[in-house]
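Structure below; questions to follow.
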């Protein structure tokens with residue numbers, strides 16, 4: 001999942017171009033993908049970190065990239081909260097020191113004991129969680145409603161990271177297990193969603209919910225009757241039912257995700273139909289503009305204004321302001337796919 005989201009993120013980044021101030025988020029995506037891919041290759045090919053030079057190199061790469069994840073997450077929190085910080089230089093110096101300490105803990109230094117090397121990932125994760133929470137509570141900025149949800153999610157994840165790291169250091173590591181990995185995955189997904197709002201991310205969430213629903217129903221079928229008692233005809237009937245019902249269930253799942261989780265009053269398809277119905281009975285240009293603005297206000301639940309004025313000097317079509325983009329930026333709540341924009345152009 002890290003690799004797929006990273007590929008789509010960088011594809012969208014190249015398509016849009018690198019405008020605006022620099023961010024550490026691209027580095028964070030590459031570090032996440034490298035850490036999890038390296039760990040996957042070590043497990044698939046059964047590479048030993050001490051048996052071969054390739055194994056030692058891959059273990060070192062995994063340790064370094066994994067050690068960089070906590071300071072990178074703290075750096076992302078610092079980027080978000082820095083406008084409201086009173087002592088920004090002190091926090092920046094602390095962040096640099098945290099990078100150095102995390103790299104020192106990840107590198108196999110001869111002076112480091114085996115016990116400290118084993119506890120280093122949990123220590124850096126606990127430090128990142130505690131420092132990130134302190135950053136949020138020290139910031140005086142008041143984000144808008146859309147960014148406020150992002151802050152709440154990040155705060156909850158930082159708190160869970162701190163708790164899981166303390167549990168690991170306290171000898172309860174067998175109970176938390178892979179929880180830190182899933183928390184990093186959740187941090188990555190939440191940051192990608194609120195920072196970029198890729199159309200692919202909405203599709204990924206809907207397909208994941210659809211897959212989980214199918215697995216839950218299939219597990220229920222297995223619980224009612226064990227698979228060892230199934231005949232080939234029962235297997236065929238179950239697979240046929242899943243195949244036939246899939247096209248009917250998926251739109252309901254997608255609508256549920258749009259309404260409940262993404263908080264959209266309309267799905268992309270229903271928003272397009274709503275807008276077309278609003279403008280197709282317009283009798284003149286002024287009526288068309290007013291109906292289009294009213295349609296945008298209804299769909300995006302925000303103020304909208306459309307002007308037919310065009311500048312006298314030539315400007316590329318891609319540089320014209322889009323009312324859909326303006327409404328989305330104001331509200332900060334909906335991440336719409338570009339299908340609605342295509343219908344308005």
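The values are calculated or read from the model by the stated rules, or taken from the named source; none is laboratory data. As the structure is a computational prediction, the values presented were derived from the model and not from experiment. Using ideal geometry, Cβ is built from the backbone for each residue, glycine included, and neighbour counts are taken over all protein chains shown.
Take residue 271 and tell me if it is part of a helix (DSSP H, G or I) and in contact (Cβ under 8 Å) with a residue 40 or more places away in the chain.
Judged against the criteria, residue 271 is a match.
Tell me which residues, restricted to region 231-268, are more than 23 Å from the chain's Cα centre (by Cα) and not in a helix (DSSP H, G or I).
Across region 231-268, the qualifying residue is only 231.
With 316, 321 as the choices, which residue is closer than 30 Å to residue 143 by Cα and modelled with pLDDT under 80?
Exactly one of 316, 321 is closer than 30 Å to residue 143 by Cα and modelled with pLDDT under 80, namely 321.
Of all residues being surrounded by 14 or more Cβ atoms within 10 Å (Cβ to Cβ), under 17 Å from residue 181 (Cβ atoms) and at pLDDT below 80 in region 4-35, which is farthest from the chain's Cα centre (by Cα)? Just the residue, please.
By that ranking, first place goes to 6.
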